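Computed from the coordinates by the stated procedures, all read-outs in this text should not be read as laboratory data. Since we're looking at a predicted model, the values are computed, not measured. Using ideal geometry, Cβ is built from the backbone for each residue, glycine included, and neighbour counts are taken over all protein chains shown.
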Amino acid sequence: MSEYEDPHFAYVPPPAPARRRLSKKVKAGLVGGSVLAVLLAVNLGIDDGRDKYEASVKNPSADGRARIIPGEATREQPWLGSPAAAWAEGEAGIVLPEARPVGAFTAEQVAVHLRTVRAFLAAGNLDPATVKGGTPRQALELLTEESREELEAQLTRPTEQDDPALVFSRFDPLRAVPVTDTVKVKGELSFAEGDKGSLVVKTDYSFVYALWPGPEAGRPRSSASPSSVVPAAFGNPVFQARVEREVVRRQQEFHFLDPEKYRVEPGRMAVGRLAASFANNVCTMGSGFLETDFGGSDEDVDTSGKPGDPYDRGSGDAAGDGGCHAIRRT
């Protein structure tokens with residue numbers, strides 16, 4: 001068997017498919033007035049493989065099996081063809097810098113707070129129970145009362161403007177199922193002194209997930225645009241066997257306030273500015289989950305620019321300009 005094959009497919013090399021990315025801006029306040037106002041701009045993306053998979057159904061290989069492009073992900077090799085194959089796995093990708101005294105905090109306290117941030121990122125982006133759609137309780141318990149209540153409200157009543165999927169990586173199991181509990185991670189973490197002796201921790205991490213379609217993948221939600229359609233490949237065994245990757249990049253700030261100057265529980269952190277991008281996610285959010293695109297469509301896409309690369313971490317602000325842009329891979 002070729003290194004590019006899996007039991008569901010036979011390899012016939014077709015031309016590389018076109019890909020596209022959809023995005024928009026969302027503004028939301030997450031932290032209360034005790035720290036700062038928050039501007040959150042979200043860059044959403046989809047990797048539209050509909051044409052490729054519909055063609056594979058209509059034009060199977062000689063033995064009747066569908067064609068697969070070399071380098072495309074499979075359930076056995078979900079990172080095939082992806083730069084993430086060489087990335088660290090899980091918490092091993094969240095490396096903490098050496099602690100030093102900052103503001104009102106000793107080096108020992110800073111070290112504890114850095115570990116708290118890592119625990120939050122792990123609980124909200126890596127924990128299998130969370131990724132499979134669960135409530136990130138362990139992450140919420142690390143926050144100040146204000147930040148925790150705000151996120152709990154979003155988890156209970158998500159909307160397009162206040163969607164917890166902007167903070168936590170959760171997939172609705174009816175729509176997307178992780179192929180593996182392994183999440184590929186790359187990024188960096190830094191810290192500095194903030195206002196009135198506070199500790200500000202800044203994180204910039206990309207998380208890559210491998211998923212296959214759930215039983216309701218691609219079906220428009222009740223709030224979806226009437227123009228949403230279910231491609232012909234949906235429901236076909238070839239479609240159900242496909243694997244997609246979603247690349248999530250999050251830039252986040254966490255604030256540890258001096259208990260002597262603020263009414264906060266020692267050791268708890270407030271959520272500051274957020275910026276995020278999601279490559280291979282449907283455009284319209286608001287369900288409370290990330291929704292990997294398995295071949296849907298959207299009319300608000302700008303394909304005139306040069307295709308971008310969601311693995312390129314040198315692009316500055318993760319949110320970009322909030323527009324709709326082409327991408328060349330996930």
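Things worth noting here:
- Computed extension length for residue 89-residue 315: 79.1 nm, one decimal, from 0.36 nm per residue of separation with the Cα-Cα distance subtracted.
- The H on the amide N of residue 183, modeled in the peptide plane, is under 5 Å from the matching H of 90, each at least 5 residues off or on a different chain.
- Simple label model, 7 Å out from Cα along Cβ direction - residue 196 to residue 181, nm: 4.3 nm
- Cα gyration tensor, segment 153-212 - rounded (a/c under 1.5), prolate or oblate: oblate
- Under 9 Å, Cβ to Cβ, from residue 207 - net charge with Lys/Arg +1 and Asp/Glu -1: +3
- Under 12 Å from the residue 260 label point (7 Å along Cα→beta-carbon), backbone N, segment 183-201: 197-198
- Environment charge of residue 132, counting only residues whose C-beta is closer than 12 Å and scoring Lys/Arg +1, Asp/Glu -1: -1
- Note on residue 219/residue 137: beta-carbon distance plugged into 1/(1 + (r/R0)^6) with R0 of 30 Å gives a FRET efficiency of 0.55.
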